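The values are calculated or read from the model by the stated rules, or taken from the named source; none is laboratory data. Bear in mind the structure is a predicted one, so any value in this text is a computation, not a measurement. Note that we place each Cβ from the backbone using ideal geometry, even for glycine, and neighbour counts take in every protein chain shown. Surface areas here come from the heavy atoms of the whole protein model, side chains and all, with no ligands, DNA or RNA. Shrake-Rupley method; radii C 1.70, N 1.55, O 1.52, S 1.80 Å.
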Amino acid sequence: MSELLVDFITSLDGYASGEGWPGFWGLEGPEYLAWLSEQPEVTYLMGANTYRLMSGFAAGEVPSGQDEFRPEEEASVDELTQASKVVFSSSLEEPLTWANSTLVRDDAVEAVRVMKSSGSGLLSTIGSLSLCRSLLRAGLVDRFRVVMFPVITGATGAERIYDGYPDVALEMIEHRTFDGRIQLVEYKPRVLEHPPLGVPA
């Protein structure tokens, strides 16, 4: 059975990106980049908006506000290009132009449920906030990982991650600091029907 990881990089105030900021908010360091390069092979899951954005980067479109990609950003996009990707969309058309991408038009939650039960590798989301929210609500997420960068983007932040989420209890299974400033926290999530009535014994 496959394991499903929801994986976010965020500002401290919970934004997935910020207008005018470079990738990783320009704050990645050698420890963090080395850790990224050591990650196991995964199949990435994404929606149409993330596909359009990331495939555009892979085709050479530079993010708004930048003249060119930094080497760290190029390496990240290249790794994504080589990886297997499943794209859930009713608006995109086949064939998808980004290498190693498969289009799925079926309901994403049910499709991922089948992928988990019939597969053996690691599935990981990338971006795709509404997809992540739907998979979490359905109880399909095994691990919820957030890497927080030391910046608050109250004026320029975009894509608030947790809006619309259910209440979720989080059991910490991993934590780590990279380069003395970047904080990783990883949890086993459990969706709550209602707030706890008392403190667990």
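Listing for the model above:
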item	result
Number of positions in segment 151-179 that are in a loop (DSSP other than H, G, I, E, B), open to solvent by 70 Å² or more (accessible area, probe 1.4 Å) and in contact (Cβ under 8 Å) with a residue 60 or more places away in the chain	2
Condition met for residue 117 (open to solvent by less than 90 Å² (accessible area, probe 1.4 Å) and either β-branched (Val, Ile, Thr) or within 20 Å of residue 128 (Cβ to Cβ) (or both))	no
Set 123, 135, 140: member being in a helix (DSSP H, G or I) and either at pLDDT 95 or above or open to solvent by less than 50 Å² (accessible area, probe 1.4 Å) (or both)	135
Hey, residue 112 at pLDDT 95 or above, surrounded by 13 or more Cβ atoms within 10 Å (Cβ to Cβ) and more than 18 Å from the chain's Cα centre (by Cα) or not	no
Residue match in segment 5-21 (condition: on the phi > 0 side of the Ramachandran plot and at pLDDT below 90)	yes
Flag for residue 65 being at pLDDT 95 or above and in a loop (DSSP other than H, G, I, E, B)	no
Of all residues making up segment 120-159, the number that are out of contact with any Leu (no Cβ under 8 Å at 6 or more places or on another chain) and of a type outside the set (A, V, I, L, M)	12
Residue satisfying all of: in segment 1-30; crowded, with 17+ Cβ neighbours inside 10 Å and part of a helix (DSSP H, G or I); farthest from the chain's Cα centre (by Cα) among these	25
Condition broken by residue 106, with the remaining ones in (1) in contact with a helix residue (DSSP H, G or I) (Cβ under 6 Å, 6 or more places away or on another chain); (2) open to solvent by 20 Å² or more (accessible area, probe 1.4 Å) satisfied	(1)
Residue in segment 40-54 that is open to solvent by less than 60 Å² (accessible area, probe 1.4 Å), over 15 Å from the mean Cα position of the chain (by Cα) and in contact (Cβ under 8 Å) with a residue 12 or more places away in the chain present	no
Complete set of residues in segment 69-98 that are in a loop (DSSP other than H, G, I, E, B) and either surrounded by fewer than 13 Cβ atoms within 10 Å (Cβ to Cβ) or under 15 Å from the mean Cα position of the chain (by Cα) (or both)	83, 90, 91, 93, 94, 95, 97
